[in-house]
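K.L.:
Have a look at this one.
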Amino acid sequence: MTFEIPPRALVVFAHPDDADFGCSGTVAQWTAAGSAVVYCLLTSGNKGSHDLKATPAQVARTREREQRAAAEALGVEKCVFLRHDDGELEVTMRLRGEVCRVIRDEKPDLVICPDPWRPYQTHPDHRVAGWVGLDGVIAARDHLFFPEQLRKGRAHHRAGRILLFGTAEPNLIVDIGPTFERKLAALHAHASQPHNRERAEFDARMRSFAATFGKPWGVSAAEAFRYIDRF
Ligand SMILES: [Zn+2]
């Protein structure tokens, strides 16, 4: 399959670090090639802490700071934080509208989000991020969806291609051998998260995942996606 690197891409996901696990080796490759990539986070992971004294607001501040550092390590242009409550996302028209607005503002050629059809996806927020990412693409494309957004110069926008990460049925493999170290740097930027406690063991596990995805395709490290074009 031929795949062209998109000039502009938007990544829609639920929590700080989801995209860095799912697609950051690919994102680093694209930004190095000149793509403008924007991250859109539905929550700031404000329940993602085992510190019994930390308030949700403190956790969110820490995790947004970490996500910005990870984005910087990857050459991501900016992070848009929608700041919904961690663990409480629901598939609503309101949330679809918010994602639609971000797509219309950022005008990506391609949107990346989690695969909502992945079997046994247990985290509710990951399922929701997949649905509102996909549904936001359709809504952004057609001017009669959320027409109140189409004022002050904002136009409807077609993001013609979609990549789903965390998929059970990949049809596109990206060789991330050249950017694997940058993926690790992005994941290390989430310093408050449990995966950074045993870093050597974590790095080895990440290397092994990437090698497993790459092996059938003859590359040492890969990320796997479901690619949908002509959306
Ligand atoms: Zn997550």
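The values are calculated or read from the model by the stated rules, or taken from the named source; none is laboratory data. Predicted model, so just to flag it, every value in this text is computed and none were measured. Please note: Cβ atoms are built from the backbone with ideal geometry, for glycine as well, and neighbour counts cover all protein chains shown.
K.L.:
Looking only at segment 1-25, count how many residues are hydroxyl-bearing (Ser, Thr, Tyr) and touching a helix residue (DSSP H, G or I) at 6+ places or on another chain (Cβ under 8 Å).
P.N.:
Number of matching residues: 1.
K.L.:
Give me the pairs: first residue in segment 10-27 and among the polar types (S, T, N, Q), second residue away from the ligand (no atom under 14 Å from the Cβ), beta-carbon distance under 6 Å, and six or more apart or on different chains, which are they?
P.N.:
These pairs meet every condition: Ser24/Leu74; Ser24/Lys183; Ser24/Ala186; Thr26/Val174; Thr26/Glu223.
K.L.:
Does segment 113-126 contain at least one residue that is touching a Gly at 6+ places or on another chain (Cβ under 9 Å), crowded, with 21+ Cβ neighbours inside 10 Å and among the hydrophobic types (A, V, I, L, M, F, W, C)?
P.N.:
Yes, some residue in segment 113-126 is touching a Gly at 6+ places or on another chain (Cβ under 9 Å), crowded, with 21+ Cβ neighbours inside 10 Å and among the hydrophobic types (A, V, I, L, M, F, W, C).
K.L.:
Determine which single condition Pro116 fails, assuming it passes every other condition in (1) at pLDDT 95 or above; (2) assigned to a helix (DSSP H, G or I).
P.N.:
In the conditions (1) at pLDDT 95 or above; (2) assigned to a helix (DSSP H, G or I), Pro116 misses (2) alone.
K.L.:
Tally time: how many residues in segment 209-231 are closer than 10 Å to Ile176 by Cα and acidic (Asp, Glu)?
P.N.:
Number of matching residues: 1.
K.L.:
Looking at segment 12-23, is at least one residue farther than 18 Å from Glu88 by Cα, buried (at least 24 other Cβ atoms within 10 Å of the Cβ), more than 10 Å from the chain's Cα centre (by Cα) and among the aliphatic types (A, V, I, L, M)?
P.N.:
No, that holds for no residue.
K.L.:
Let me ask another. For segment 1-109, please list each of the helices (runs of 4 or more DSSP H) lying entirely inside it that holds at least 3 residues being within 16 Å of the ligand (Cβ to nearest atom) and not β-branched (Val, Ile, Thr).
P.N.:
Passing ranges, in order: 18-22, 56-74.
K.L.:
Run down Asp109, Asp86 and say which single residue is acidic (Asp, Glu), in contact with a strand residue (DSSP E or B) (Cβ under 7 Å, 6 or more places away or on another chain) and surrounded by fewer than 21 Cβ atoms within 10 Å (Cβ to Cβ).
P.N.:
Asp109
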